[in-house]
Amino acid sequence: QVQLVESGGGLVQAGGSLRLSCAASGSIFRISDMGWYRQAPGKQREVVATITSRGSTNYADSVKGRFTISRDNGKFTVYLQMNSLKPEDTAVYYCNLRRGTTYDDWGQGTQVTVSS
């Protein structure tokens with residue numbers, strides 16, 4: 001199991017920016033696919049953005065053009081840069097690490113609140 005620790009959440013006004021970070025505890029990070037998910041109150045968890053071990057990215061339609069996922073394999077860290085934030089982006093954001101069928105680990109989540 002890999003420990004994942006998210007940071008960077010907080011309260012921001014609509015139109016503002018935040019950068020989330022997720023630090024992994026092991027070098028398995030380098031060969032794992034990473035993702036950011038979010039869960040708003042009363043809603044199911046949904047994927048926000050993913051990045052493969054080789055750096056290919058994918059985004060939910062709702063965040064395309066506003067959010068950017070990136071990774072630093074030297075620091076075992078994945079980032080989510082969030083710009084032009086909207087109140088509907090308010091949620092708990094979770095980091096996920098996935099490698100085959102052996103690793104499917106989640107962080108504890110970080111709250112992002114966007115005020116109108």
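Given the condition modelled with pLDDT under 95, open to solvent by 50 Å² or more (accessible area, probe 1.4 Å) and in a loop (DSSP other than H, G, I, E, B), answer yes or no: does some residue in segment 7-15 qualify?
No: zero hits.
Of all residues in segment 47-63, count the ones that are within 17 Å of residue 114 (Cβ to Cβ) and either open to solvent by 40 Å² or more (accessible area, probe 1.4 Å) or assigned to a helix (DSSP H, G or I) (or both).
Result for segment 47-63: 1.
Check segment 64-73 and report whether any residue there is in contact with a helix residue (DSSP H, G or I) (Cβ under 6 Å, 6 or more places away or on another chain), open to solvent by 10 Å² or more (accessible area, probe 1.4 Å), modelled with pLDDT of 95 or more and assigned to a loop (DSSP other than H, G, I, E, B).
Taking every residue of segment 64-73 in turn, at least one turns out to be in contact with a helix residue (DSSP H, G or I) (Cβ under 6 Å, 6 or more places away or on another chain), open to solvent by 10 Å² or more (accessible area, probe 1.4 Å), modelled with pLDDT of 95 or more and assigned to a loop (DSSP other than H, G, I, E, B).
What tally of residues in segment 74-85 results from selecting those that are open to solvent by less than 40 Å² (accessible area, probe 1.4 Å) and either at positive phi or in contact with a helix residue (DSSP H, G or I) (Cβ under 9 Å, 6 or more places away or on another chain) (or both)? Give the steps one after another, and end with the answer.
Here is the first cut: in segment 74-85, the ones open to solvent by less than 40 Å² (accessible area, probe 1.4 Å) are 77-80, 82, 85.
After this cut, where a residue has to be either at positive phi or in contact with a helix residue (DSSP H, G or I) (Cβ under 9 Å, 6 or more places away or on another chain) (or both) as well, the list is 77-78, 82.
Adding up the residues that qualify gives 3.
Would you confirm whether or not segment 86-107 contains a residue that is open to solvent by less than 50 Å² (accessible area, probe 1.4 Å), touching a Leu at 6+ places or on another chain (Cβ under 7 Å), part of a loop (DSSP other than H, G, I, E, B) and of a type outside the set (D, E, K, R)?
yes
Looking at (1) at negative phi; (2) assigned to a loop (DSSP other than H, G, I, E, B), which is the one condition that is false for residue 30?
(2)
How about segment 24-46: which of its residues are acidic (Asp, Glu) and either in contact (Cβ under 8 Å) with a residue 60 or more places away in the chain or surrounded by 13 or more Cβ atoms within 10 Å (Cβ to Cβ) (or both)?
33
Among the numbered criteria (1) among the polar types (S, T, N, Q); (2) touching a Gly at 6+ places or on another chain (Cβ under 8 Å); (3) under 19 Å from residue 107 (Cα atoms), which single criterion is violated by residue 84?
Here residue 84 meets the rest and fails (3).
The values are calculated or read from the model by the stated rules, or taken from the named source; none is laboratory data. Predicted model only: the values in this text are computed from it and were never measured. Using ideal geometry, Cβ is built from the backbone for each residue, glycine included, and neighbour counts are taken over all protein chains shown. Heavy atoms of the whole protein, side chains included, go into the accessibility calculation; ligands, DNA and RNA do not. Shrake-Rupley method; radii C 1.70, N 1.55, O 1.52, S 1.80 Å.
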